[in-house]
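Every read-out reported here was derived from the displayed coordinates using simple, explicitly stated rules and does not represent laboratory data. Being a predicted model, the structure only gives us computed values, none of them experimental. All Cβ positions, even for glycine, are placed from backbone atoms using ideal geometry, and neighbour counts span all protein chains on display.
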């Protein structure tokens, strides 16, 4: 009481509320390092990151990240694929993003495609969706009446008597 100050309670830090929502992208479970060269097929259910060289086929139900140092000579099948390195082979995925350093030689069968400025793609892109292109015949507009051609104005007709009268006299 005397000489002692009452201790004030310190404010407790407020933690942000946590929401138990799943992350937008599943984590990468497997990494093939930059000093690794694999010849053969790779199959899995999780995310895969490739920094090295792979020759064969790659199939995963997760996401596939191909970094700038990667060189791939394979057929690729994955949920989402991000390409910053070089890929030679056909690709089948839900979504493919080719970053500015990405190089792809092969056909793509995809639902969504994003190509950054500076990226390279040589091949066909197939988007198997049931979208119909717009039909020109389906537009319901009334035909415009054709414009009547305007006749050029006729030059004035000068009679011979008028031509003689307009000549200056000689002295």
proj_area_mean for the stretch 28-126 (convex hull on C-alpha atoms), units nm², value 5.0 nm²
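Students often check this: by mean Cβ neighbours within 10 Å, which of 119-131, 39-51, 78-90 ranks highest, and how do the rest follow? Please report the intermediate quantities before stating the final value.
Numbers: 119-131: 10.7, 39-51: 15.7, 78-90: 20.5.
So the order, starting with the most tightly packed, is 78-90, 39-51, 119-131.
Once you compute Rg and the Kirkwood Rh from C-alpha atoms, what is the Rg to Rh ratio for the stretch 68-109? List each step's numbers first, then the result.
Values: Rg = 9.1 Å, Rh = 10.0 Å.
Ratio of gyration radius to Kirkwood radius: 0.91.
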Once normalised by the length of the stretch 28-126, the mean sequence separation of its alpha carbon contacts under 8 Å that are 6 or more apart gives a contact order in percent of 17 percent
